[in-house]
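S.K.: The structure under discussion is supplied below as structure tokens; questions concerning it will follow.
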Amino acid sequence: MAAAPPLLTRWRQVVRNILGKKSAKHTADLMCDILAVDRGLKPMFLVDYGGFGCLKMTEFAQELLRSGLVQHRLAVLTVGSDVFVLNTDTSVAHLEAVQSDWHNFVVDVTFSLPEPRPATGFCTQTVRDCARDVVQYIAATMRDTSILQGNITPGESWNISTLFGLLVGYPVLYWYDPTQDSTCLSMVPLLVYNVYVCLYHDSATTATTSLGEKSVCDCPDERNNHKHKLYSFSIPKNVMQDFSKQIDCWFKRVQEEFALQDVFCCLEMKCSEMTLPTVAL
């Protein structure tokens, strides 16, 4: 009896059949993004491969489930012209936690400020209200097993940059006055956090690396595994003390979910500093 083809080969075949031959080059990263959502490591991800629309990504998600390449029925959410693939249960749990358990998680970077600062209660409540509206929509419509796609029209008070960070599960969110065209992040020292995983699971042990780096394993064969950036976010260095606890608690929750899955190894978070003339949100 012939052996089953490797997992990546099976994914590449589905990508070619549904999304087209030119999309096969994105297979490994697309596979990692979707498996991270499927296994609960992140609530959803923004599809930025090849400009695929809602209908095509819905067909793709259905075929992955039919082929046994994912464990959960994944849904597709459209926000304006952007498309997200989500795990509805994980997304609902995340957005409910933002409303009830998260306290200090918003940085105000409005252009007229002299420097970034922790957001006021009004700004933070605006973000919580956004989370409430989105979770109500997902819970009311997209948890139905017959509904695989949905569409959200952003409210007038919503900040789109904040909304996208909220949806993909960032622990700290930027907010700025949407009536102003820019932010106060130009030439501000930023701490950039990147969270990585390797695609294939190996024996894992908990380890601690140098300051600014945290790891859940030291993969002896990392060169032969696909290393994938699971999250990437930043905070201004001048407010680090205000948000360090939030980031630590968030990464602990990521570690807990990581321990429950079997497709990734080598979870690590690295922090570096950079200063840029322009910061796109």
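S.K.: State whether the residues of region 189-203 include one that is open to solvent by 30 Å² or more (accessible area, probe 1.4 Å), modelled with pLDDT under 95 and within 23 Å of the chain's Cα centre (by Cα).
M.R.: The answer is yes, given that some residue of region 189-203 is open to solvent by 30 Å² or more (accessible area, probe 1.4 Å), modelled with pLDDT under 95 and within 23 Å of the chain's Cα centre (by Cα).
A quick yes/no check of all residues on (1) assigned to a loop (DSSP other than H, G, I, E, B); (2) at pLDDT below 95; (3) within 29 Å of Gly121 (Cα to Cα):
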residue: Glu63; (1), (2), (3): no, no, no
residue: Val70; (1), (2), (3): yes, no, no
residue: Arg73; (1), (2), (3): yes, yes, no
residue: Phe84; (1), (2), (3): no, no, yes
residue: Asp89; (1), (2), (3): no, yes, yes
residue: His94; (1), (2), (3): no, no, yes
residue: Gln99; (1), (2), (3): no, yes, yes
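S.K.: Of all residues in region 234-243, how many are surrounded by 13 or more Cβ atoms within 10 Å (Cβ to Cβ), part of a helix (DSSP H, G or I) and not aromatic (Phe, Trp, Tyr)?
M.R.: 5
S.K.: Another one. Report, by residue number, each residue of region 18-67 that is closer than 20 Å to Phe164 by Cβ, open to solvent by 60 Å² or more (accessible area, probe 1.4 Å) and in contact with a helix residue (DSSP H, G or I) (Cβ under 6 Å, 6 or more places away or on another chain).
M.R.: Residue satisfying the conditions is Gly50 alone.
S.K.: In the set Gln246, Gln255, which member is within 29 Å of Asn104 (Cα to Cα), in contact with a His (Cβ under 9 Å, 6 or more places away or on another chain), at pLDDT 95 or above and surrounded by 13 or more Cβ atoms within 10 Å (Cβ to Cβ)?
M.R.: Only one candidate passes the filter, namely Gln246.
S.K.: Right, here's the next one. Any residue in region 114-121 that is among the hydrophobic types (A, V, I, L, M, F, W, C) and under 18 Å from Phe243 (Cβ atoms)?
M.R.: yes
S.K.: Follow-up. Is it true that some residue in region 166-182 is free of Cβ contacts under 8 Å to residues at least 60 places away in the same chain and under 26 Å from Arg253 (Cα atoms)?
M.R.: The answer is no; no qualifying residue exists.
S.K.: Please enumerate the residues belonging to region 258-281 that are open to solvent by 60 Å² or more (accessible area, probe 1.4 Å) and small (Gly, Ala, Ser).
M.R.: Across region 258-281, the qualifying residues are Ala259, Ala280.
The values are calculated or read from the model by the stated rules, or taken from the named source; none is laboratory data. Quantities reported herein were computed from a predicted structural model and do not represent experimental measurements. Neighbour counts run over all protein chains shown; Cβ positions are idealised from the backbone, glycine included. Ligands, DNA and RNA are excluded from the accessible area calculation, which covers all protein heavy atoms including side chains. Shrake-Rupley method; radii C 1.70, N 1.55, O 1.52, S 1.80 Å.
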